[in-house]
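K.L.:
Can you read through this structure? Questions will come right after.
The values are calculated or read from the model by the stated rules, or taken from the named source; none is laboratory data. Given the structure is predicted, the values throughout are model-derived calculations rather than measurements. So basically every Cβ, Gly included, is an ideal-geometry build from the backbone, and we count neighbours across all protein chains shown.
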Amino acid sequence: MKDDRGHYYYPFPRNHGVRMYVRRTGAGIEFRMWNQEDPDLWKEHGWVPFEAIQEAAKMYEGGAFNPAKTYDIELAAAALSEADRGNRLTEKNG
């Protein structure tokens, strides 16, 4: 899915008030969360590389919060692949 902030997926499928935005960089995939109930979150927290998320996830092992589910690299890659397909179709038909 895409809006004016970029490509995103819902990290908590039942809560569409929270979106995880994703983008590709030369270093890989980066994540940035937006929360409808916390508009300052977008301003205060920038893009986070997946490698940093993997490091942080080690601190949460066995805890209630699972960063690997929220910052899901497979969902991110799927969202970006869908965007790439859409871009190729636009270029082809453009």
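K.L.:
From the list Tyr10, Tyr71, Tyr60, exactly one residue is surrounded by 12 or more Cβ atoms within 10 Å (Cβ to Cβ) and touching a residue at least 24 places away in the same chain (Cβ under 8 Å). Which is it?
P.N.:
Of Tyr10, Tyr71, Tyr60, the one residue that is surrounded by 12 or more Cβ atoms within 10 Å (Cβ to Cβ) and touching a residue at least 24 places away in the same chain (Cβ under 8 Å) is Tyr71.
K.L.:
Return a yes/no flag: does region 14-30 have any residue that is part of a helix (DSSP H, G or I) and under 12 Å from the mean Cα position of the chain (by Cα).
P.N.:
The answer is no; no qualifying residue exists.
K.L.:
Just name the residue that is modelled with the lowest pLDDT out of those in region 60-94 that are small (Gly, Ala, Ser) and not in a helix (DSSP H, G or I).
P.N.:
Only one residue fits best here, namely Gly94.
K.L.:
So which residues in region 38-59 are within 16 Å of Val18 (Cβ to Cβ) and outside any helix (DSSP H, G or I)?
P.N.:
Asp38, Pro39, His45, Val48
K.L.:
Identify all residues within region 29-43 that are modelled with pLDDT under 95 and either under 16 Å from Ala78 (Cβ atoms) or among the acidic types (Asp, Glu) (or both); write none if there are none.
P.N.:
none
K.L.:
Filter region 47-87 for residues that are of a type in the set (Lys, Arg) and under 15 Å from Thr25 (Cα atoms) and give the result.
P.N.:
If the condition is that a residue be of a type in the set (Lys, Arg) and under 15 Å from Thr25 (Cα atoms), then no residue fits.
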